[in-house]
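Chemist: Provided herewith is a single structure, encoded as structure tokens, for subsequent inquiry.
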Amino acid sequence: MTRTAKSSGSFVLVRDLVKEYRLPRTGWRAARPTIRAVDGIDLDLGAGETLGLVGESGSGKSTVARLLVGLVEPTSGQVRMHGHDLMHLRGGELRAHRRNVQMVFQDPYSSFDPTARLVDSIAEPLRTHLGSSKPEQDARVADLLRLVGLDAGYRYRYPNQLSGGQLQRAAIARALAIEPDLVVLDEPVSALDVSTQAQVINLLRDLQARLSTSYLFIAHDLSVVEHVSHRVGVMYLGRIVESGPTEEVYERPVHPYTSALLDAVPVPDPVVQRRRRRLKLAGDTAGGTRPSGCRFRNRCPFAMAICAEVDPAPYVTQAGVTVRCHLHEHGPKLAGRSVRTLTGTGTASS
Ligand code: ADP
Ligand code: MG
């Protein structure tokens, strides 16, 4: 399924973004080690567009989310929105940015004050950013709840009186309260059951069609991201190793990691499931160790000599997918063809 965004031209532009965290000293004389949670990523996001970001736990997805909303400061690199560099925003401009970018978290129960009625939590951005009066806030919150498919009467309830799916709808209502240009959704459906996930995803799509809001939609589950995203980026240990139009990436993955992630998604048909020749990964990313050269090589079934020595530069395929993998220029020289041509799985055409 292809999603076509209403308009193009990126209003969010990220270039070579890096975030390092300093870890506790390991001994009294040792230097404090650092970890590059985000290690030089580029992102482009157009108005009314959804960029899906996927990858295993620890790959740096939440750090990207926090950098975009300004909850943490980048170590280096650029985040531009509407042409303004976030690093240089101060005072009123910074407040305007905060208003324009809202966030939805994985666990709705921990993102609401349990002692406050929903109306007070959802109206909070209306108070701080717009200075709305009490009656204005009340009416707007009622509208917002209806917009996300909840009964307006729920505004007088407390968070624990709603189900997880209902409360996540309320969190979306709060994020949309002051009509931001960008909503960053960090695993917004990961805590919900499958049927509720589908409802919330459909809600997000409907809202985007009506409001032209852009989304950065983060998930560790590829099947979740497929149905919301126009474009998708696959993260591995702080890097985006493959990014491009969603359908292209899902049908013809060009990075072995993407291919393995897709193969790990179960197919509903048990016969097809058993017959599939899956690309399996060795090991995991635990400990966050990053080998020399290509950071994926110690788990890659196609690793070559060059992979230990050279960190792969971005390669752009004819289909407009950017990939960091030596297979496209060395060894079997895929030159943009799918990794699946090497395993004989799925669609082998280029
Ligand atoms: P994801 O959301 O993909 O699971 P995160 O962005 O949460 O990944 O984390 C990426 C890496 O950065 C992990 O190795 C994590 O342990 C580390 N990290 C994240 N936040 C901090 C922090 N505040 N201090 C130290 N390390 C952190
Ligand atoms: Mg996370």
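Chemist: Long-range amide H contacts for G46: which residues qualify at under 5 Å (H placed 1.01 Å from N, peptide plane, sequence gap of 5 or more or a different chain)?
Modeler: So G46 has HN proximity to F11.
Chemist: Residues of segment 10-236: accessible area per residue at 1.4 Å, in Å²?
Modeler: 44 Å²
Chemist: Can you give the helix-only mean residue ellipticity at 222 nm for the chain, where every DSSP H stretch with n ≥ 4 adds -39500 (n - 2.57) and the sum goes over all residues, rounded to the nearest 500 deg cm²/dmol?
Modeler: Taking each H run of at least 4 residues, the total per residue is -8500 deg cm²/dmol.
Chemist: OK, next. Give me the number: length gained by fully extending A139 to E73, i.e. 0.36 nm times residue separation minus the C-alpha to C-alpha distance, one decimal in nm.
Modeler: Gain on stretching A139 to E73: 20.2 nm.
Chemist: Between V254 and residues 5 or more places away or on another chain, which pairs have amide H atoms under 5 Å apart, with H built 1.01 Å from N, and which residues are they?
Modeler: Residues meeting the criterion, in which the H sits 1.01 Å from N, are V339.
Chemist: Using a Debye calculation, one point per C-alpha and no hydration shell, please list log10 I(q)/I(0) for segment 1-154 at q = 0.09, 0.21 Å⁻¹ in order.
Modeler: -0.42, -1.35
Chemist: Could you pull out the longest piece of the chain with no exposed loop trypsin sites (Lys or Arg not before Pro) in it, calling a site exposed if DSSP puts it outside H, G, I, E, B and it has at most 16 other Cβ atoms within 10 Å?
Modeler: Result for the longest clean stretch: 91-275.
Chemist: Further question: Taking the Cα centre of the chain as the origin, how large is its charge dipole in debye, to the nearest 20, when only Lys and Arg (+1) and Asp and Glu (-1) carry charge on their Cβ atoms?
Modeler: 660 debye
Chemist: I've got another one for you. Counting only protein heavy atoms and using a 1.4 Å probe, what share of the accessible area of segment 10-236 belongs to carbon plus sulfur, as a whole percent?
Modeler: Reported share for carbon and sulfur atoms: 48 percent.
Chemist: Further question: If you count the DSSP beta bridges with both ends in segment 10-236, what percent of them are antiparallel, to the nearest 5?
Modeler: In segment 10-236, DSSP labels about 50 percent of beta bridges as antiparallel.
Chemist: Considering the dipole of the chain built from charges on the beta carbon (Lys and Arg +1, Asp and Glu -1) around the Cα centre, which of V228, V241, V54 is farthest to its positive end?
Modeler: Of the listed residues, the answer is V241.
Chemist: From largest to smallest, what semi-axes in whole angstrom does the chain give when each is the square root of 5 times an eigenvalue of its alpha carbon gyration tensor?
Modeler: Rounded to whole Å, the semi-axes are 37, 24, 19.
Chemist: How much length would be gained if the chain were fully extended between S212 and D85, taking 0.36 nm per residue of separation minus their Cα-Cα distance, in nm to one decimal?
Modeler: Stretched out fully, the S212 to D85 stretch lengthens by 43.5 nm.
Chemist: Would you mind estimating how fast segment 152-268 diffuses translationally, via Stokes-Einstein at 4 °C and 1.567 mPa s with the Kirkwood radius over Cα pairs, in µm²/s?
Modeler: This corresponds to a translational diffusion coefficient of 83 µm²/s.
Chemist: Run the reach check for K61 against aspartates and glutamates, Cα to Cα strictly under 12 Å, same-chain hits fewer than 8 apart removed. What comes back?
Modeler: Partners found: D39, D186, E187.
Chemist: For the modelled label position 7 Å from the Cα of N202 along Cα-to-Cβ, which residues of segment 181-196 have backbone nitrogen atoms closer than 18 Å?
Modeler: Under 18 Å, as judged by backbone N against the label point of N202, lie 189-190, 192-196 of segment 181-196.
Chemist: Taking the dipole about the Cα centre of segment 127-219, with the C-beta of Lys and Arg at +1 and of Asp and Glu at -1, give me whichever of P180, P159, P135 is farthest to the positive side.
Modeler: P135
The values are calculated or read from the model by the stated rules, or taken from the named source; none is laboratory data. These numbers come from a predicted model, not from an experiment. All Cβ positions, even for glycine, are placed from backbone atoms using ideal geometry, and neighbour counts span all protein chains on display. These area figures cover heavy atoms from the full protein model, side chains too; ligands, DNA and RNA do not enter into them. Shrake-Rupley method; radii C 1.70, N 1.55, O 1.52, S 1.80 Å.
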